[in-house]
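Report on the structure given below.
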Amino acid sequence: MEFNHDISILGSTGSIGTQTLEIARAYPGIRVRAISANSNIELLEKQAREFKPELVSVADEKKAGELKVKLADTSVKVVGGREGLLEAATVPSAHTVVTAVVGISGLEPTIESIKAR
C-alpha cells in the first residue's frame, strides 16, 4: 500500500520539527511542502536542500534575505517575517500542518491553517 501525504512544518529546526522530518525521511510518501524557522538558517538550508519544499519561511527577515541568496540555485521560494510564517501555514499543497513553534507565536499561524482547510 502506498501512502502519500503533503505536510508543512512550522518550526522545522526545533526538536519536534526535526523529529517530524525524521518521520518524513523514513516514509517517502510524506512530502514536505513548506518549512519554517525563527533564525537557524544553516539548518534550514540543509533541510530545504534535502526535502525540496516549495516554500521556506524565516521569522527574522534579515536572515530570510541571507537564506534567499544561499538557496538561489534552487526553486525554493524564501519568505520572511510574520507574513511568511502565515504563508507557510496556509500553503495550498499541504494537507497537514505540524505546528512546532514555541509559545504564543504559533497560535496565529495555527488558526490561519485551520481556516484555510
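Observations
- Residue check, L55 under 21 Å from V102 (Cα atoms), at pLDDT 95 or above and in contact with a Lys or Arg (Cβ under 7 Å, 6 or more places away or on another chain): yes
- Within segment 26-45, the set of residues being surrounded by fewer than 19 Cβ atoms within 10 Å (Cβ to Cβ) and of a type in the set (S, T, Y) comprises Y27, S39.
- Unique match (being more than 18 Å from G81 (Cα to Cα) and acidic (D, E)) among D60, D6: D6
- Within segment 16-45, the set of residues being over 9 Å from the mean Cα position of the chain (by Cα) and among the charged types (D, E, K, R) comprises E22, R25, R31, E42, E45.
- Of all residues in segment 46-61, those satisfying the criterion of being surrounded by fewer than 16 Cβ atoms within 10 Å (Cβ to Cβ) and either under 13 Å from the mean Cα position of the chain (by Cα) or free of Cβ contacts under 8 Å to residues at least 12 places away in the same chain (or both) are K46, R49, E50, K52.
- With respect to (1) more than 24 Å from A116 (Cα to Cα); (2) touching a strand residue (DSSP E or B) at 6+ places or on another chain (Cβ under 9 Å); (3) modelled with pLDDT under 95, the lone exception for M1 is condition (2).
- Checked against the criteria, K68 counts as over 17 Å from L21 (Cβ atoms), open to solvent by 30 Å² or more (accessible area, probe 1.4 Å), at pLDDT 95 or above and in contact with a strand residue (DSSP E or B) (Cβ under 7 Å, 6 or more places away or on another chain).
- Conditions (1) closer than 27 Å to F3 by Cα; (2) open to solvent by 50 Å² or more (accessible area, probe 1.4 Å); (3) not acidic (D, E); number of the one not met by S105: (1)
- Residue satisfying all of: in segment 4-25; over 13 Å from V98 (Cα atoms) and at pLDDT 95 or above; surrounded by the fewest Cβ atoms within 10 Å (Cβ to Cβ) among these: E22
The values are calculated or read from the model by the stated rules, or taken from the named source; none is laboratory data. For clarity, every value in this text was computed on a predicted model and none was experimentally measured. Cβ: placed from backbone, ideal geometry, glycine included. Neighbour counts: every protein chain shown. Each accessible area value is taken on the protein alone, full model and side chains, heavy atoms only, with ligands, DNA and RNA left out. Shrake-Rupley method; radii C 1.70, N 1.55, O 1.52, S 1.80 Å.
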